[in-house]
Amino acid sequence: MIFSKVLNKYYIKFAPLFIIGIVALLVVDIAQLEVPLIIGDLVDNLELYRAGDITTEQAIDHVHSMVWTMVIISALIVAGRFTWRIGIMGASRRIAFEVRDDMFEHSLRLSNRFYSERKVGGLMALFINDIEALRRAVGPGLLMVVDALFLGVLVFWRMYTIDARMTLILVLPLVLLALSGILIGNRMRRRFRDAQKAFEDLSDVVQESLSGITVIKAFVKERLEIKHFLKANQNTKDKNIKFVRMQMTLQVIVRAIVSLVFVLMIAYGTNLVSATAGSADPFTIGDLVAFLSYFSMLIWPMMAISMIINVYSRGKASIQRIEGILNEPVDIVDENTVTIDEIKGDITFNHLYFSYPDADDEDYVLKDISFEIKAGQTVGILGRTGSGKTSIVDLLLRLYNLDDNQLLIDGVDIMRLPFKQVRENIGYVPQDGFLFSDTIKNNIALGVADEHRHMDHIQEVAELSDVHDNIVQFKEGYNTVIGERGVTLSGGQKQRVSIARALAKNPPILIMDDSVSAVDTSTEEKILKNLKKIREGKTTIMIAHRISTVKNADKIVIIDEGKVLDVGTHEELEQRCEFYRDLVERQQLEDEVEVA
């Protein structure tokens, strides 16, 4: 049984089930102890009948009595086994369920920093393989420990009462087994960790390859990906074979010792029957049968030693990996919060400096950012790739922590606002237009409360994002289930469904992070026109590379290398900002080339 901070609270929570299961297991073990005595007694009874010491009627009555006793014991064993399975195995399943649930809940609370350091395939291995190894340690592992200890001690005592000399011979092989288990157990634990790490790497390769299957096919890199997979698969195979080899070594040692002892017991016991025949306290054939039956029962606790070490080694390695996730600190927390009754959409950047958590302290992504957005304004943020535009979005969504009073919403420091309230009042359209493997309807209604998920509203926002006509062309319409990450939709369709999803919330603040880059200019114009109409009085932030996306905004913020170069309208920036004029001229040339 494994004890840790993660598991201890569940042992307490499910203690009644464990207690019921353990009690039932002990009842089964005690009942089983009577079976060898009954069999030995029947053998001696037949010997007495063969010798003529008892009558046929007495022999038959004795057999009937023993049969009925066996029936009662069998019924008790069946009921007990059913009960301990419900208790111990049921509790282990519940613990596995709750630990997995806790892991998922905790994972959702972790910041982007954590996911930038960990791969999805590795995390999936934790949720599947490691949880299963943990369940086996908590359920079957506990069963084997209790059963092996209790049954082993009781069987050993019964054997000692039958013949002390034969029983003491078993002490040496038991010591050898214990030493073998200790020596091999540590190596098994290390090899299991290696095997789990190899499986994690294999999961990463498969997940990444399947997610990027379109790119792989486009660049004809199937053979290269097969080589990557074969290498990872071979590594997983090798690590698992090393673990299994160690596991089998322990089992072979246990089986060899058990088989050798069994042969010695038969040889020694046969001689003992002959030597004590006719004495005052003979060692009878029935005693030998009972002793060997008890030894057969003792084989299970002896064999369980290797299984316990195996299961414990796996479980210990897995719980350490699981605790690594559950002990990961949550970076984004609410402290000394102030709740605003209604967020209007005033946003102030006040000499904001920001660097990502894994970067050097002075390696700022954003440097001395200062500008204001009034409630109801449409503001464009323009800049080269890597200039820090998306970092601004991350900070507005409170995905990272900031120093005090660097970013304010409605005059309140964003670090004092509950992050749930901040995010609930922001509609966000990401660059990649991420969609879930669900129906189009459910993707659009993702941020809408269940009671407000009306089809008319979903269709309305789809029309505003100019994707309704595309949706109705699908066979299942809005009930069409799209593939993973929306792979069955085109890039433009994914972006427009993402826009519809954000509009469905009708938030006071809407952030569009380069969200119309995959649509043609006429579709872009239509979407922007619709946005201007329905977003009147609400704050809209449009991050873009194309001038056409932001030229009609109330103000445009020019960012380059993490700094604000200028803020103004399209006309003002054309007159005074060389950087902006250069962008305008370049894009005009691009448009002329496309037309030509």
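A cut-off of 5 Å between modelled amide H atoms, ignoring neighbours fewer than 5 places along the same chain, links Leu366 with Phe354. Distance between the 7 Å Cα→Cβ label points at Glu574 and Leu179: 9.2 nm.
Annotation: Trp300 carries an accessible surface of approximately 80 Å², with a 1.4 Å probe and no ligand, DNA or RNA atoms counted. For segment 37-182, a simple Cβ point-charge model (Lys and Arg +1, Asp and Glu -1, everything else neutral) yields a dipole of about 980 debye relative to the Cα centre. Ligands, DNA and RNA excluded, the heavy atoms of His545 present near 70 Å² of accessible surface to a 1.4 Å solvent probe.
Relative to the longest principal axis of the Cα atoms of the chain, the long axis of helix 521-534 lies at roughly 90 degrees. Axis of helix 15-51 versus longest Cα principal axis of the chain: the two differ by about 20°, to the nearest ten degrees. Ligands, DNA and RNA aside, Met159 has an accessible area near 0 Å² when probed at 1.4 Å. Between Glu57 and Ala275, the C-beta separation translates, for a Förster distance of 30 Å, into a calculated FRET efficiency of about 0.35. Accessible area per residue for segment 1-116, computed on protein heavy atoms with a 1.4 Å probe, is 58 Å². Taking 35 Å as R0, compute the FRET efficiency from the Cβ-Cβ separation of Lys374 and Gln588 and round it to 0.05. Between Lys374 and Gln588 the formula returns 0.70.
Quick one: grab the alpha carbon gyration tensor of segment 55-202, order the square roots of its eigenvalues as a ≥ b ≥ c, and give me rounded if a/c is under 1.5, else prolate or oblate depending on whether a/b is larger than b/c. Since a/c reaches 1.5 but b/c is at least a/b, the shape of segment 55-202 is classed as oblate. Can you tell me the FRET efficiency between Tyr115 and Ile266 if r is taken as the Cβ-Cβ distance and R0 is 56 Å, rounded to the nearest 0.05? About 0.35, to the nearest 0.05.
Using a 1.4 angstrom probe, figure out how much accessible area segment 327-438 has per residue, in square angstrom, rounded to the nearest whole. Dividing the accessible area of segment 327-438 by its residue count gives 49 Å².
Measuring between alpha carbons in the structure, the pairs from Lys494/Lys563; Lys420/Lys526; Lys344/Lys555 lying more than 25 angstrom apart are Lys494/Lys563; Lys420/Lys526. Can you list residues whose amide H is under 5 Å from Gly427's amide H, if they're 5+ apart or on another chain and H is modeled 1.01 Å from N? Amide H to amide H, under 5 Å and 5 or more residues apart or across chains, Gly427 pairs with Ile509, Leu510, Ile511.
Rg to Rh ratio, the chain, alpha-carbon atoms and Kirkwood radius? Please list the in-between numbers first.
On the way: Rg = 36.3 Å, Rh = 30.5 Å.
Rg/Rh: 1.19.
In the chain, a dipole from Cβ-located charges (positive for Lys and Arg, negative for Asp and Glu) runs towards its positive end, and of Gly433, Ala462, Leu168 it is Leu168 whose Cα lies farthest in that direction.
Share of segment 133-276's accessible area from carbon and sulfur, percent, 1.4 Å?
On the way: 5460 of 8140 Å².
C and S fraction of accessible area: 67 percent.
Per residue, segment 455-596 exposes 52 Å² of solvent-accessible protein surface, assessed with a 1.4 angstrom probe and all protein chains in place.
Alpha carbon centre of segment 80-106 versus segment 401-480: separation in Å? With segment 80-106 and segment 401-480 each reduced to a Cα centre, they are spaced 37 Å. Distance between the C-alpha centres of segment 316-379 and segment 119-159: 42 Å, rounded to the whole angstrom.
Taking 0.36 nm per residue of separation and subtracting the current Cα-Cα distance, fully stretching the chain between Tyr11 and Leu399 would add 136.2 nm. By accessible area, using a 1.4 Å probe on protein heavy atoms only, segment 375-486 has 45% of its surface on carbon and sulfur.
The values are calculated or read from the model by the stated rules, or taken from the named source; none is laboratory data. What you are looking at is a predicted structure, and each value in this text was computed from that prediction instead of being measured. Because the Cβ atoms are built from the backbone with ideal geometry, glycine has one as well, and the counts that use them run over all protein chains shown. For accessibility, only protein heavy atoms count, side chains too; no ligands or nucleic acids. Shrake-Rupley method; radii C 1.70, N 1.55, O 1.52, S 1.80 Å.
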